[in-house]
1. I need the strands (runs of 3 or more DSSP E) fully contained in region A:1-90, keeping only those with at least 2 residues that are under 22 Å from residue B:36 (Cβ atoms).
2. Within region A:98-113, count every residue that is in contact (Cβ under 8 Å) with a residue 12 or more places away in the chain, within 14 Å of chain B (Cβ to nearest Cβ) and on the phi < 0 side of the Ramachandran plot.
3. Which is within 12 Å of another protein chain (Cβ to nearest Cβ), touching a residue at least 60 places away in the same chain (Cβ under 8 Å) and under 30 Å from residue B:23 (Cα atoms), of A:45, A:4?
4. Please give the number of the condition residue A:11 fails out of (1) away from chain B (no Cβ under 14 Å); (2) crowded, with 18+ Cβ neighbours inside 10 Å.
5. For region B:36-65, enumerate the residues that are more than 11 Å from chain A (Cβ to nearest Cβ), within 25 Å of residue A:106 (Cα to Cα) and at pLDDT 90 or above.
6. From the list B:10, B:108, B:98, exactly one residue is within 21 Å of residue A:45 (Cβ to Cβ), exposed (fewer than 13 other Cβ atoms within 10 Å of the Cβ), within 14 Å of chain A (Cβ to nearest Cβ) and at pLDDT 90 or above. Which is it?
7. Return the residues of region A:65-97 that are surrounded by 14 or more Cβ atoms within 10 Å (Cβ to Cβ) and within 14 Å of chain B (Cβ to nearest Cβ); say none if nothing qualifies.
8. Taking region A:14-42 as the region of interest, how many residues are farther than 19 Å from residue B:41 by Cα, within 12 Å of chain B (Cβ to nearest Cβ) and touching a residue at least 60 places away in the same chain (Cβ under 8 Å)?
């Protein structure tokens with residue numbers, strides 16, 4: 001069964017600090033892995049997309065890594081800001097079929113002043 | 001550029017009343033369209049997906065139905081709402097065979113009272 005597990009479930013950090021969110025998956029076959037940021041009451045917004053050949057992808061203060069061998073990904077947030085407070089969702093896609101996204105349950109990040 | 005519109009943003013409906021949520025996509029042709037429901041702490045659940053006009057696949061048996069009357073329009077409906085239909089509903093679009101897409105709408109918060 002395809003699964004995406006994210007950790008931690010929730011996290012509180014001080015403004016300006018760095019943090020790393022984890023995503024482990026058992027999805028097969030693998031096509032790509034995406035990280036989304038979802039503000040409360042809004043739809044998810046894509047941060048990064050990585051295929052199996054990409055080890056790292058950056059988007060501003062967000063850096064995602066992917067280890068296709070161990071089926072692990074991380075999202076590193078540098079110099080956190082209050083606006084980073086949101087849920088971060090890891091999504092893994094398979095290449096076949098039309099409903100082939102497997103979603104993690106997300107990590108709820110709260111950046112405290 | 002592609003955009004996705006979803007409305008209304010919030011909706012409060014009595015039990016037994018009908019439902020109609022609409023989603024439209026601009027800037028792309030023949031997208032795959034998806035309806036998801038998001039419950040607190042449970043992640044995103046795929047409800048319906050559509051690969052073309054009039055083509056609807058249901059992932060979870062429920063009190064809801066979906067229709068695609070036009071290429072870029074996707075509608076989520078119910079004849080009689082249940083309390084358990086309350087939740088956050090998201091529309092998304094994607095393109096088969098590409099890395100990109102899977103862009104989400106802004107969501108509809110449905111409360112059945």
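The values are calculated or read from the model by the stated rules, or taken from the named source; none is laboratory data. Quick caveat, the model's predicted, so the values are computed rather than measured. Glycine gets a Cβ as well: all are built from the backbone with ideal geometry, and neighbour counts include every protein chain shown.
1. Values: elements: A:4-7, A:10-14, A:19-25, A:32-38, A:45-51, A:56-59, A:62-67, A:72-77.
Per the criteria, A:4-7, A:19-25, A:32-38, A:45-51, A:72-77.
2. To start, the set of residues in region A:98-113 that are in contact (Cβ under 8 Å) with a residue 12 or more places away in the chain comprises A:100, A:102-113.
Subset that is within 14 Å of chain B (Cβ to nearest Cβ): A:100, A:102-108.
Applying the additional criterion that residues be on the phi < 0 side of the Ramachandran plot yields A:100, A:102-105, A:107-108.
Result for region A:98-113: 7.
3. Numbers: A:45 fails: touching a residue at least 60 places away in the same chain (Cβ under 8 Å).
Selected residue: A:4, the only one of A:45, A:4 that is within 12 Å of another protein chain (Cβ to nearest Cβ), touching a residue at least 60 places away in the same chain (Cβ under 8 Å) and under 30 Å from residue B:23 (Cα atoms).
4. All conditions pass for residue A:11, except number (2).
5. Passing the criteria: only B:37.
6. Values: B:108 fails: exposed (fewer than 13 other Cβ atoms within 10 Å of the Cβ); B:98 fails: at pLDDT 90 or above.
Checking each option against the conditions leaves just B:10.
7. A:66, A:86, A:87, A:88, A:89, A:90, A:91, A:92, A:93, A:94 - these are the residues of region A:65-97 that are surrounded by 14 or more Cβ atoms within 10 Å (Cβ to Cβ) and within 14 Å of chain B (Cβ to nearest Cβ).
8. Of region A:14-42, the ones farther than 19 Å from residue B:41 by Cα are A:14-20, A:26-34.
Of the ones still in play, those that are also within 12 Å of chain B (Cβ to nearest Cβ) are A:31-34.
Right, trim to touching a residue at least 60 places away in the same chain (Cβ under 8 Å) and you get A:31-33.
Summing the residues that are farther than 19 Å from residue B:41 by Cα, within 12 Å of chain B (Cβ to nearest Cβ) and touching a residue at least 60 places away in the same chain (Cβ under 8 Å) in region A:14-42 gives 3.
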